[in-house]
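*Asks:* Just passing along the structure, written as structure tokens.
Every read-out reported here was derived from the displayed coordinates using simple, explicitly stated rules and does not represent laboratory data. Just so you know, these numbers come straight off a predicted model, no measurement behind them. Positions of Cβ are backbone-derived with ideal geometry, glycine not excepted, and every protein chain shown enters the neighbour counts.
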């Protein structure tokens, strides 16, 4: 018969040693998590543009807000750049996931859109080619996106959507709305996807706002309520601008709209891109 040795009760020193070991592990994990957060934030800052292009009559501005908790950073972006034909291109998007990988993929999407837009002018074709490019890279993530092209000669704004949140607009004559344009699937899901294009003229002063779902949707805040709140803010700011008689400041407008994300308690990062447009000068033959 085998006799077992009695289990020695843990002493105070044993308990303190185990507590120290667990504390060290927890600190190591916390430091690793913090390092990943800081890396994602650094990537986000470096990948977002430092300035946006503008033209007479069109003034853009953007704002970005990181998520409130954890590593929910890195997926949202905004961008703006000049095209070879003299028009301007703008994009806003949201990458699946919220970590360092999402931030890196966001950079790939932005570079891909810029590269394609330099060769084709139609926003739908830009998204289609960018979609196929991402799929050829065997990417495991996907991205929603809205891509715009502004033609300063015609005053036309052409837009295509890839599964993204609709834009919101308001004009100085009191009109406003949500741009529920037809769109296609997010980028990186299905080869050969087609992205319809919606074309608008901007004959009256106002603002056109692109955003990500982190601005208008939260854990207990439905996206419809968020879109209505952004619309209220936009209409109030446009009306205030009319009252002062000065052109709207896109930076101030973007700063007010990004505050809506605080109301939603957003668990996602958030981006806003505002295009303030003036009434264009009359041309021969009218508009």
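*Asks:* Can you tell me the FRET efficiency between residue 194 and residue 51 if r is taken as the Cβ-Cβ distance and R0 is 51 Å, rounded to the nearest 0.05? Don't skip to the answer; put the middle values down first.
*Replies:* Working: r = 33 Å, r/R0 = 0.65.
Here the calculated transfer efficiency is 0.95.
*Asks:* Run the Debye formula on the Cα coordinates of segment 34-277, all scatterers equal and no solvent, and tell me log10 I(q)/I(0) at q = 0.14 1/Å.
*Replies:* These q points yield log10 I(q)/I(0) values of -0.87.
*Asks:* Ranked from highest to lowest mean number of other Cβ atoms within 10 Å per residue, what is the order of the peptides 168-176, 210-218? Don't skip to the answer; put the middle values down first.
*Replies:* Working: 168-176: 17.3, 210-218: 26.9.
Going from most to least packed, we get 210-218, 168-176.
*Asks:* From the Cα gyration tensor of segment 97-206, with a ≥ b ≥ c the square roots of its eigenvalues, which class applies: rounded if a/c is under 1.5, or else prolate if a/b is larger than b/c, or else oblate? All intermediate terms of the calculation are to be shown ahead of the outcome.
*Replies:* On the way: a/c = 2.22, a/b = 1.79, b/c = 1.24.
Because a/c hits 1.5 or more and a/b exceeds b/c, segment 97-206 counts as prolate.
*Asks:* Right, next: Using a cut-off of under 13 Å, list every residue of segment 159-173 whose amide N is near the label point 7 Å from the Cα of residue 180 along the Cα-to-beta-carbon line.
*Replies:* Taking a point 7 Å out along Cα→Cβ of residue 180, the residues of segment 159-173 whose backbone N falls under 13 Å are 166-167.
*Asks:* In nm, to one decimal, how far is the residue 252 label point from the residue 154 one, both placed 7 Å along Cα→Cβ?
*Replies:* 3.4
*Asks:* Another one. Can you compute the modelled spin-label distance between residue 85 and residue 111, with each label point 7 Å from Cα toward Cβ, in nm?
*Replies:* So the two model labels end up 2.7 nm from each other.
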